[in-house]
1. Let me spell it out: the conditions are (1) in the same structural domain as Gly250 (by TED's automatic domain parsing); (2) surrounded by 12 or more Cβ atoms within 10 Å (Cβ to Cβ), and Asp356 meets all of them except one. Which number is the exception?
2. From Gly68, Gly81, Gly104, grab the single residue that is out of contact with any Lys or Arg (no Cβ under 9 Å at 6 or more places or on another chain) and of a type in the set (Gly, Ala, Ser).
3. Report, by residue number, each residue of the stretch 33-44 that is over 13 Å from Asp120 (Cα atoms), among the aliphatic types (A, V, I, L, M) and within 19 Å of the chain's Cα centre (by Cα).
4. Those residues that are modelled with pLDDT of 90 or more and surrounded by fewer than 18 Cβ atoms within 10 Å (Cβ to Cβ), I need them from the stretch 2-34; list them, please.
5. Across the stretch 141-184, what is the number of residues that are under 21 Å from Arg97 (Cα atoms), modelled with pLDDT under 55 and exposed (fewer than 15 other Cβ atoms within 10 Å of the Cβ)?
6. Restricting to the stretch 45-76, and then to whatever is farther than 19 Å from Gly30 by Cβ and within 34 Å of the chain's Cα centre (by Cα), can you tell me which residue is modelled with the lowest pLDDT?
7. Quick check on Asp356: is it assigned to a loop (DSSP other than H, G, I, E, B) and within 23 Å of Pro205 (Cβ to Cβ)?
Amino acid sequence: MADFIASPTAKPERAFLIGVQTQKMPPGEGAELLAELQELVENLHLAIVGSALINLRVPVSATLLGSGKTAELIEQAKAAGADVIVIDEALTPGQQRNWEELSGLAVIDRQEVILEIFADRARTREAILQVALARMQYSLPRLTRAWTHLSRQRGAGSMGGEGETQLEQDRRVVRDRIAHLKVELANVVLQRSVQRRKRLRVPLPTAAIVGYTNAGKSSLLNALTGAHVLAEDKLFATLDPTTRQLVLPGNEKLLVTDTVGFIRRLPHGLVEAFKATLEEVIIAGFLIHVLDVTNPNFEQHHVTTLAVLAELGAADQPILTVFNKVDLADEAMRRRALQLVPDALFVSARTGAGLDVLAGRCRELIAGQFEPTTLLVPHDRYDVIARLHQLGHIHEQEHAEDGVHIQGRFPASQAGFFAPFVVPEKPKKAVTARKR
């Protein structure tokens with residue numbers, strides 16, 4: 001049995017990647033996914049010593065690829081000096097175990113790579129708990145990998161052998177840990193919902209920035225709001241939602257939230273575990289979908305993001321599509337972008353190009369959420385005026401003898417507060433036809 005199974009703590013350093021092109025996939029998608037897998041694996045600080053792209057007609061239950069092709073790829077990986085094989089498919093626990101037994105190497109799939117990256121990036125309490133839960137749920141059916149070296153010690157007694165007993169104990173520990181994590185996460189989510197309710201007491205309109213990982217979402221939030229959110233050129237640099245206030249033209253205010261980036265074949269367990277974080281997407285008034293106009297695969301990234309939004313129940317949200325990095329784009333890239341989304345905006349978070357147009361479009365989107373209203377507030381009710389500044393957007397404020405005349409937009413949900421000060425609209429005079 002392989003040393004890495006007997007010593008699960010040994011850390012692989014050299015990876016051999018295997019991509020798969022199936023008949024159901026569009027031509028070339030397997031190669032694109034393999035290139036993406038390479039970037040993912042590099043984020044784990046593994047040296048890539050080789051790769052192969054396989055055309056798969058019919059999946060084989062035991063090893064996915066069939067015995068002959070599996071043996072050939074194992075030889076290639078060993079010849080390249082790899083100590084881990086990374087397969088760009090979701091392996092069943094049985095397939096993973098069979099690959100490891102045949103190769104004597106560590107074997108992981110795309111899901112495990114993404115889980116490890118998320119674990120490395122998590123910073124806040126909520127993100128750490130969410131990643132831990134997803135990893136535990138992923139590892140539970142795979143615990144036999146860690147205890148295969150004890151299989152020879154199993155006895156014939158009614159209680160089973162040492163390996164069997166230890167395996168069952170580990171399963172109970174993992175199940176207990178999953179239950180404990182769910183309770184902890186529920187408490188954290190409850191605390192965050194309380195914080196959100198406090199924030200929404202001042203009912204400002206909200207927007208969430210979504211998009212494929214590394215499209216420049218955090219950079220856009222920083223450029224729009226002057227925030228200092230971590231923005232690095234690597235996958236999943238941001239896991240935790242960050243909300244900042246954006247002041248729009250006319251002094252209107254908008255709360256903008258940066259969210260975790262999406263990716264093709266995002267593990268379903270991660271989507272479930274991150275539902276709480278991605279709630280910001282669901283409750284937002286509208287979404288700002290950011291795409292990297294210089295990425296040759298932005299069409300696929302567009303499809304992937306919309307698919308994840310649909311899975312989150314946010315497919316019907318108003319979406320403002322923004323192509324970032326326009327300062328690096330040529331005319332052909334722009335034409336492709338407009339063919340995909342004809343009313344998209346072009347911006348550069350780095351240079352600031354197009355940000356004023358984006359801010360103006362955001363203002364247009366929220367205009368329908370707040371009702372235009374004319375108010376007359378007595379001079380002795382400056383507390384009302386202060387509250388109105390918090391509630392909505394005051395465009396004009398004029399002091400007169402009869403009070404303070406205010407024109408602005410305020411949420412209909414707060415009409416009970418400002419209704420006593422509303423100035424009724426003057427009825428329009430009927431136009432009658434003159435007799436000749």
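1. (2)
2. Gly68
3. Selection gives Leu33, Leu37.
4. Looking only at the stretch 2-34, we keep the residues that are modelled with pLDDT of 90 or more, and these are 14-22, 30-31, 33-34.
Those that are modelled with pLDDT of 90 or more and surrounded by fewer than 18 Cβ atoms within 10 Å (Cβ to Cβ): Arg14, Thr22, Ala31.
5. Summing the residues that are under 21 Å from Arg97 (Cα atoms), modelled with pLDDT under 55 and exposed (fewer than 15 other Cβ atoms within 10 Å of the Cβ) in the stretch 141-184 gives 5.
6. By that ranking, first place goes to His45.
7. Working: assigned to a loop (DSSP other than H, G, I, E, B): no; within 23 Å of Pro205 (Cβ to Cβ): yes.
The answer is no for Asp356.
A quick yes/no check of all residues on (1) part of a helix (DSSP H, G or I); (2) out of contact with any strand residue (DSSP E or B) (no Cβ under 8 Å at 6 or more places or on another chain); (3) within 21 Å of Arg171 (Cβ to Cβ):
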| position | (1), (2), (3) |
| --- | --- |
| Leu73 | yes, no, no |
| Ile117 | yes, yes, no |
| Ala127 | yes, yes, no |
| Val131 | yes, yes, yes |
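The values are calculated or read from the model by the stated rules, or taken from the named source; none is laboratory data. All values derive from a computational prediction rather than experimental measurement. For neighbour counting, all protein chains shown are included, and Cβ atoms are generated from backbone atoms with ideal geometry for every residue, glycine included.
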